[in-house]
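What follows is one structure encoded as structure tokens, with my remarks underneath.
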């Protein structure tokens, strides 16, 4: 039990490292000519990476039969929300310094931002429904709501694709990861359905 | 014709170069300290600029220029890489001496000329221009160059010359994206209408900050059209053709709905996927709001007349 807690603490600390690394790069002026954009991209990348980690938990659990991973899913989910929030704040404060008229025009005219907003709103809804009492309160709806994470992942990747000029290698990589993770879950649920059908005697399938 | 620009950037918009350099010095000192431990000694070169006391162009605006470290390390050069850092590094492999440029098409005197011979006939000036990328960032660059029109006039364009096509160098052996035939149609090509090409704001640049053009910035010869998005300002030019009809251009061919032939900087015409209403002026620090993009990048007084009967939304 003690071992388990140590692992959890270690992972928790590791989740802060991307932020620490970013702060260090800011202090050392390592972010190049467009530091504002670099901060922005870094935070966006990390929210997408945490999102992928969230989605990887269930497949790993299925393959390894290691229970208790739901705790990590929750932690990674909250860090997804954390980095996505910093990403949003970097846009509003660091880049735009809260000049709302320019922000409004920018958002209205930039369709790639709409996908980002959609992804963020979903992640926000999932984050606020994290507390155990909310889970209890929501019952079956909680699971239904939290399936929207795949939609958030899709929107986040579109947000990435939609702002590039043609070099699509990086978002394609994330797209592949998410297709694999979703595909795994679809396959498992298909297998379960087939198996339970086969367990019934012929004629009643 | 002397046309003065009156637009200036409020000094508050830009990092004071002094502050910028001081910050760099502190960081370099720190790095040097760490490097000493590892046995690496930083080399401090004392390079004198190639040109001193160049006459200032009458179009030069009274703007604070973007630090050269930024200009030299933040470049799009897709022949080398899609990544700005890598393209700076890889571009160093491009041999730029000797260099010759072909001038042909609808002209009395076509021919291929060594760049030095071209330069011998031109008066170089410093031109401090705004540079606005389609990616919504901008710089202020002190180019060294001469008016393209001065070169074209020497070739004596025929009355049938309505457009100018520019072609970049094709060197797949040092340009990985050309070798892989990736993305754009290579060699990179761009075009201007003849009146745009003859406009005194339009430059052929051979340097910046009083020195030879860094390779990643388009050495040895590049176009500068300050009222258009940066991708129009083609690098490493080897051919200039005067044509009867509008040429196809690399970005326009790649995505005609996104990158028009004109590509005039226009805050009112967004790119299909992002706004062009504001821009990040590089060198400005954190918590500095974006700059509001100006129509024709602030050169409307000089160039708006070229487009007076045109629907800029249609001809974007």
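Values in this text are rule-based calculations from the coordinates and carry no lab data. All figures in this text were calculated on a predicted structure; none of them were measured in a lab. Glycine also receives a Cβ, built like all others from the backbone with ideal geometry; neighbour counts cover every protein chain displayed.
List of remarks:
- Fewest neighbouring Cβ atoms within 10 Å first, the residues B:171, B:313 line up as B:313, B:171.
- Rounded to the nearest 10 degrees, the inclination of helix B:17-38 to the longest alpha-carbon principal axis of chain B is 50 degrees.
- Counting beta carbons within 10 Å around each of B:233, B:100, B:159 and listing the fewest first gives the order B:159, B:100, B:233.
- Shielding of peptide B:178-185 by partners, expressed as the average count of other chain Cβ atoms within 10 Å per residue Cβ, is 1.
- Computed from Cα positions, the angle between helix A:149-161 and the longest principal axis of chain A comes to roughly 40 degrees.
- Pairwise label distance in nanometres, residue A:97 with residue B:93, each label 7 Å out on the Cα-Cβ vector: 4.2 nm
- Across B:167, B:123, B:293, mean-square fluctuation computed from a Gaussian network of chain B (C-alpha pairs under 10 Å connected) peaks at B:123.
- Computed extension length for residue B:306-residue B:292: 2.7 nm, one decimal, from 0.36 nm per residue of separation with the Cα-Cα distance subtracted.
- The range A:18-171: relative contact order in percent, alpha carbon pairs under 8 Å with at least 6 residues between: 21 percent
- For the range B:77-150 versus the range A:174-205, the gap between their alpha-carbon centres in whole angstrom: 59 Å
- Estimated FRET transfer efficiency when R0 is 51 angstrom, pair residue B:170-residue A:145 (beta carbons, to 0.05): 0.40
- Candidates B:76, B:182, B:277, ranked by Gaussian network fluctuation over chain B, Cα under 10 Å, top entry: B:182
- In this structure, residue B:195 and residue A:62 have a Cβ-Cβ separation that, at R0 = 45 Å, corresponds to a calculated FRET efficiency of about 0.10.
- Label-reachable residues, the range A:140-174, where backbone N falls under 17 Å from a point 7 Å from residue A:31's Cα toward its Cβ: none
- Bridges between two residues of chain B, per DSSP, are antiparallel at a rate of about 85%.
- With R₀ set to 45 Å, the beta-carbon distance separating residue B:100 from residue A:180 gives a calculated FRET efficiency near 0.30.
- Computed per residue of chain A from DSSP H runs no shorter than four, each worth -39500 (n - 2.57), the mean residue ellipticity at 222 nm is -26500 deg cm²/dmol.
- Listed residues B:246, B:255, B:236, most fluctuating in chain B (Gaussian network, C-alpha, under 10 Å): B:255
- Computed over the range B:47-307, the ratio Rg/Rh where both radii use C-alpha atoms and Rh is Kirkwood: 0.93
- Principal-axis tilt of helix A:70-89 within chain A, Cα atoms, nearest 10 degrees: 20 degrees
- Relative exposure of B:251, B:99, judged by other C-beta atoms within 10 Å (fewest first): B:99, B:251
- Taking the helices alone, chain B has a mean residue ellipticity at 222 nm of -5500 deg cm²/dmol, built from -39,500 (n - 2.57) per DSSP H run of at least 4 residues and averaged over all its residues.
- Mean separation of Cα contacts under 8 Å, 6 or more apart, over the residue count of chain B: relative contact order %: 20 percent
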